[in-house]
Each structure stands twice: as structure tokens, then as C-alpha cells.
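For reference, the structure is listed below as C-alpha cells.
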Amino acid sequence: MRQTDQIGRLGTTPPVPGRPAIFRWAAVLSALLFLFLTWQIAAGGAVRRADERLGDVIGSSSGRLPQRAAELLADLGNITVALPVLAAVLGYAAWRARRAGAPRWWTRPVTATLTMAAVPLLVVPIKETVARTGPAVMGPGTGFYPSGHATTAAVAYGACLLLLLPYVRGAYVRRELVIGYTVLNAAVGLGLVRRGYHWPLDVVGGWCLSVVLLYAMCAVWAGRAPRG
């Protein structure tokens, strides 16, 4: 592939070239859902009560997902796991972009790093404000909504996916990567709920926040993409 062709590929707008409106609407709907869930959980509404009943059912379903397996899945949302993976992809993406001679090759890695850094800056204040209690196994403490592990996993692995997509050839492989990302985050969420670390909507709230953050990251990328 010629160098100019590769630079052109680097200028495409992730995650779905030709469909930026889909991602935009997903971000808008995620933000609205996040606001609704936050209101229901803070106010102790019917949605919160249903969520806690569902969490108790999932937490007690020991026959379907053993505790050890659930712990391994939940650990994929730890910063000690997600951040090294992201760091490796950041280095690879920066190397490929610089090697291809892409203008402002550092924009995407730096923006992805800042997006990841924004996770605790957003999640921690929301946790303290909502002050939701967790499942019984977690004791009387508060600060469970939204799930930091779910948000960390979705943003870190989502940034990895979006950084790698411009270098992947073939629609089939790209689709499989997106499916793998979705399954991975669903597994993290299931592990968190099954182990009793979070209620289901703690995880959903983290996913909603992640979509907004990833969209903002891609919007910066699109604004910095080479023209022509």
C-alpha cells in the first residue's frame, strides 16, 4: 500500500466509516438514558427497586456462572488489566501513524489517553453524589453507581478498538472485532453483578457514560482529520 493511501485510511472517521450519524444518536440516547437512570436510582424509584431484585436473582444463580469464573470476568475491568492493554495499543497506533507520515499523528493516542483519564474524573463525583448502596455482600458502604469497572473496561477496550480499526482490512474482521468488544464488556458486566460487586444498572450506567466519552473522543479525531 502506498504511503498516501495509508494516510487516507487514517483520516477516516471511526467507528463506522460512512455512518457517523449512528454513533451520534447512540451518544445522545446514552446520555438521556444515563440521566434517567441516575434520577431513578438517586430518588429510589421503581426502576431502582426492579434493578435490585434482578441483581439478587443474578447474584444467587450459582449454577450458571461459578464465582471463580465471575471473578475472572470482573477483573477484566480492573485498571491493572485494562490500562496495560490500552497502553500497548496506544504505542502501536502512534508508531503506525508516525511511520505512515500522518499529519498530527499523535492526536489520536493523546486524545484516547485523555478520554481514559476522564473516567475517574466523571465517575467518582457521580458516585459520591448519588451515594447508592451496593449488594448485601458489599456491606453498608455507598458509591456503587455508576460502575467504575464497567466504565473503565468499556472506554479502555473501546479506545483500543477504535484505534485499531483503521489498520484492519476487510469488513468481516472489523465486524468480528466489534462483536468481540461487545461480548467482552457484557462478560465484565455479568461478572460484576454475579459476584455482587454491583447492581445491573450500575453497569448499564457505566456503559452509557462510556458511549458518550468515546463519541467525544471520535469527534475530536474527526475534527483533526486531514482534509482532501
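Mind telling me which of the residues 121, 72, 86 ends up being touching a residue at least 40 places away in the same chain (Cβ under 8 Å) and more than 28 Å from residue 166 (Cα to Cα)? Walk me through it before giving the result.
Working: 121 fails: touching a residue at least 40 places away in the same chain (Cβ under 8 Å); 86 fails: more than 28 Å from residue 166 (Cα to Cα).
None of the others qualify; the one that does is 72.
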Please find, among 206, 180, 189, the residue that is within 15 Å of the chain's Cα centre (by Cα), without any contact (Cβ under 8 Å) to a residue 24 or more places away in the chain and open to solvent by less than 50 Å² (accessible area, probe 1.4 Å).
-> 180
Determine whether residue 21 is touching a helix residue (DSSP H, G or I) at 6+ places or on another chain (Cβ under 8 Å), modelled with pLDDT of 65 or more and either surrounded by fewer than 13 Cβ atoms within 10 Å (Cβ to Cβ) or assigned to a helix (DSSP H, G or I) (or both).
-> no
If we ask which residues in region 124-165 are under 16 Å from residue 86 (Cα atoms) and either without any contact (Cβ under 8 Å) to a residue 40 or more places away in the chain or not small (Gly, Ala, Ser) (or both), their number turns out to be 11
Over region 89-107, the set of residues part of a helix (DSSP H, G or I), open to solvent by less than 70 Å² (accessible area, probe 1.4 Å) and either modelled with pLDDT of 95 or more or not β-branched (Val, Ile, Thr) (or both) is 89, 90, 91, 93, 94, 96, 97
Looking at region 113-125, which of its residues are of a type outside the set (A, V, I, L, M) and surrounded by 13 or more Cβ atoms within 10 Å (Cβ to Cβ)?
-> 113, 115, 120
Tell me, please, whether a residue that is surrounded by 15 or more Cβ atoms within 10 Å (Cβ to Cβ) and either at pLDDT 95 or above or part of a helix (DSSP H, G or I) (or both) can be found in region 57-65.
-> yes
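Hey, among 110, 85, which residue is under 22 Å from residue 182 (Cα atoms) and either in contact with a Pro (Cβ under 7 Å, 6 or more places away or on another chain) or surrounded by fewer than 17 Cβ atoms within 10 Å (Cβ to Cβ) (or both)?
None of the other options fit; the residue is 85.
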Scanning region 167-177 residue by residue, the ones that are open to solvent by 60 Å² or more (accessible area, probe 1.4 Å) and small (Gly, Ala, Ser) total 1
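Please work out if residue 128 is surrounded by fewer than 13 Cβ atoms within 10 Å (Cβ to Cβ) and part of a helix (DSSP H, G or I).
Working: surrounded by fewer than 13 Cβ atoms within 10 Å (Cβ to Cβ): yes; part of a helix (DSSP H, G or I): yes.
Here the answer is yes, as residue 128 does meet what is asked.
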Listed residues 50, 31, 42; which is modelled with pLDDT of 95 or more and open to solvent by 50 Å² or more (accessible area, probe 1.4 Å)?
-> 42
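The values are calculated or read from the model by the stated rules, or taken from the named source; none is laboratory data. Fair warning: this is a prediction, and the values are worked out from it, not measured in the lab. Don't worry about glycine lacking a Cβ; one is built from the backbone with ideal geometry, like all the others, and counts go over all protein chains shown. Heavy atoms of the whole protein, side chains included, go into the accessibility calculation; ligands, DNA and RNA do not. Shrake-Rupley method; radii C 1.70, N 1.55, O 1.52, S 1.80 Å.
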